[in-house]
1. Only counting other Cβ atoms within 10 Å, I'd like 98, 57 sorted with the fewest neighbours first.
2. Looking at this model, which pairs from 84/167; 58/184; 88/184; 128/184; 58/141 are more than 29 angstrom apart at the alpha-carbon?
3. Take residue 122, project a point 7 Å from its Cα along the Cβ direction, then tell me which residues of segment 143-179 have their backbone nitrogen under 17 Å from it.
4. In what sequence do 162, 81, 48 fall when counting other Cβ within 10 Å, fewest first?
5. Assuming R0 = 22 Å, can you tell me the calculated FRET efficiency for the pair residue 84 and residue 42, based on Cβ-Cβ distance, to the nearest 0.05?
6. For 139, 196, which order do you get if you count the other beta carbons within 10 Å of each Cβ and list the fewest first?
Amino acid sequence: MSNRRVVLPGVILGVFVLALAAVFAIVLPKISGESDDISLPDRLPGGYTATDLASAYKDAPGATDDKVQQASASERSTRSYGDKMLKKAGVVGVTRNYVNKDLSSPLVVQAFRAEGGAFAPFQFSDPKTAQGGNVQTLVRKGDVLCIQNGSADAQGTVQNAYVECQKSEHGLTVQVTSPLALEKAVAVVNDVFDEVA
């Protein structure tokens, strides 16, 4: 008989704790406006416009209305497919491509509601011995971790081709891939992170 008296208050306490946890996990984020949804902006600092917008191509050499509409429609389809694949994989995230006015510096931007995982080059190569070969280096700039991809010349000097950068904090990860110089790519990552966070 005394066991029943102990079990019942324990069950009631358990239900109360579960209800309280639900309030913190479900109700409070909705009240404060937080959600798992992520959206990337139409424009980024530095004159970058999302390629799924017709305005990204308006000043492009040889641009006609038909070509602009075709290019932006193709990019909308690519973006939609990428977002569907992320969702299908169970990832809360988005992907979007950007270009500058003269279309010379494309950016691939991805944002995820998750802590960043392992982020390392495919292979570390010494530029002095990789003459003519691909070289990847890992560089940290503040909170941003980057992989610089390039090729080494006969003197061991690396000619950078593109960078992949990642910043991850508080359950949000932003990744940018671009031919930009390292410092500019890091600035883009920080700008996007601040916009999305």
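Please treat every number below as a calculation from the coordinates, not as lab data. In this text the structure is predicted, and so the values were computed from the model without any measurement. All Cβ positions, even for glycine, are placed from backbone atoms using ideal geometry, and neighbour counts span all protein chains on display.
1. Numbers: 98 28, 57 22.
Taking fewest neighbouring Cβ atoms as first place, the list is 57, 98.
2. Exceeds cut-off: 88/184; 58/141.
3. Correct set: 147-152, 159-165, 177-179.
4. On the way: 162 15, 81 11, 48 24.
Going from least to most buried by this count: 81, 162, 48.
5. Taking R0 as 22 Å, the efficiency between residue 84 and residue 42 is 0.60.
6. Details: 139 13, 196 18.
By the 10 Å Cβ count, ascending: 139, 196.
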